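To start, the structure under review is shown below, and the notes come after it.
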Amino acid sequence: MKKLKRLLYAEDETDIQIIVETIIQSMSDYELKICNNGKEVLEKVEEYQPDLIVLDVMMPEMDGLTTFNNLQANEKTKEIPIIFMTAKAQVHEVNEILKTGIIGIITKPFDPMNLITNINEIWEAYSNGK
Amino acid sequence: MENSLEYKINKFKEGYLIKLRENINIFEDFICCINDINVETLYSEVHKISGTAGMYGLKELSEFSTEFELYLIDVKKEILEVDKNDLKTKLIQYVEKIKNISAP
């Protein structure tokens, strides 16, 4: 199984950014880059070369789905696995979201103490399925 | 211990509760201007709380926000017609909920 080392996380809410950064630094050995929206993801992804991207679905400037479509349309980024973060209120859209080809979904609000476990479980399932 | 993860998250929670209290005026403005309310803007504010309150263990506020968010999604999609009185009542309840939960 390929080891997860480098994570790119796109989230516009600063409260969530702070928690994610603190949790990932405290509870994992991942390298982490945080982007405020999808546009920043597209600007930074090729240089940063993440193993995994976590995308919030609702973001300003460029939402998660549009970002995903842009990543898929680029030969250099289309193979990077993606997890979507989606609100409970949008959970009825999960089936549609899963059809896009992402590797997993994490529902917001998430328990910060379980975030790493959630990411690792999705990563492990993805890696073992390859 | 001050460097422990639990301590840090508790500190973030304190800051979050302060921010919630300070932002009550946003929802009070919606109540005042109910006849000219921008549902999309309101939805955006409720969505923010929906996505963050639960992270800090504020389960009641999180669940209430999600219910409110679902209501607003239907309003936005025009599945539900906006009843301004009903919306105002929901907003007042929401403000009370935030005040109770974020009270020092």
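The values are calculated or read from the model by the stated rules, or taken from the named source; none is laboratory data. Everything quoted here is computed from the prediction, not taken from an experiment. So basically every Cβ, Gly included, is an ideal-geometry build from the backbone, and we count neighbours across all protein chains shown. Side chains included, ligands, DNA and RNA excluded: accessible areas come from the protein's heavy atoms. Shrake-Rupley method; radii C 1.70, N 1.55, O 1.52, S 1.80 Å.
Quick notes on this one:
- Shown in residue order for region B:25-36 are the 3J(HN,Hα) couplings computed by the Karplus curve 6.51 cos²θ - 1.76 cosθ + 1.60 at θ = phi - 60°: 4, 4, 6, 5, 5, 4, 5, 4, 10, 4, 6, 10 Hz (x for Gly and Pro).
- Shielding by partners - mean other protein chain Cβ count within 10 Å, residues of B:49-60: 5
- Cβ charges +1 (Lys, Arg) and -1 (Asp, Glu), total dipole of chain B, debye: 380
- When +1 charges are put on Lys and Arg Cβ atoms and -1 charges on Asp and Glu Cβ atoms, the dipole computed for region B:11-68 relative to its Cα centre reaches about 400 debye.
- Residue among A:Ala87, A:Asn120, A:Pro60 farthest towards the positive dipole end of chain A, charges placed on Cβ: A:Asn120
- Computed over chain B: relative contact order in percent, which uses C-alpha pairs under 8 Å that are six or more apart: 36
- Shape class of region A:1-115 from the alpha-carbon gyration tensor: rounded, with the ratio a/c of largest to smallest axis under 1.5.
- Helix B:39-52 and the longest principal axis of the Cα set of chain B meet at an angle near 20°.
- Helical content of chain A, expressed as a calculated mean residue ellipticity at 222 nm, amounts to -13000 deg cm²/dmol (DSSP H runs of 4 or more residues, -39,500 (n - 2.57) each, divided by residue number, nearest 500).
- Efficiency of FRET from Cβ geometry, B:Lys13 and A:Gln49, R₀ 22 Å, rounded to 0.05: 0.05
- Of the trypsin sites (Lys or Arg not before Pro) found in region B:10-104, those that fall in a DSSP loop while having at most 12 other beta-carbon atoms within 10 Å are B:Lys77.
- Neighbour-limited loop hits for GluC sites (Glu not before Pro), region B:20-86 (at most 10 other Cβ within 10 Å; DSSP other than H, G, I, E, B): B:Glu78, B:Glu81
- Computed with a 1.4 angstrom probe on protein heavy atoms, the B-A interface buries about 1700 square angstrom of accessible area in total.
- Kyte-Doolittle at least -1.0, axis length at least 18 Å by Cα - qualifying DSSP helices, chain A: A:14-27, A:115-129
- For chain B: rounded, prolate or oblate by the Cα gyration tensor [a/c cutoff 1.5]: prolate
- Taking B:Leu87, B:Leu70, B:Leu61 as the candidate residues, the one with maximal mean-square fluctuation in a Gaussian network model of chain B, Cα springs under 10 Å, is B:Leu70.
- Projecting the Cα positions of B:Val39, A:Ser26, A:Val45 onto the charge dipole of the protein assembly as shown (unit charges on Cβ atoms of Lys, Arg, Asp and Glu, taken about the Cα centre) puts A:Ser26 furthest along the positive direction.
- Solvent-accessible area per residue in region B:7-83 equals 53 Å², computed with a 1.4 angstrom probe and all protein chains kept.
- Relative to the longest principal axis of the Cα atoms of chain B, the long axis of helix B:5-22 lies at roughly 30 degrees.
- Per-atom-type breakdown for the protein assembly as shown gives carbon and sulfur 47% of the accessible area (1.4 Å probe, protein chains only).
- Normalising the average separation of contacting C-alpha pairs (under 8 angstrom, six or more residues apart) by the number of residues puts the relative contact order of region A:1-83 at 34 percent.
- Probe 1.4 Å, protein heavy atoms only - accessible area per residue of region A:26-91 in square angstrom: 47
- The long axis of helix B:84-102 is offset from the longest Cα principal axis of chain B by roughly 10 degrees.
- Only the Cβ atoms of Lys and Arg (+1) and of Asp and Glu (-1) were treated as charged; on that basis the dipole of the protein assembly as shown about its Cα centre amounts to roughly 520 debye.
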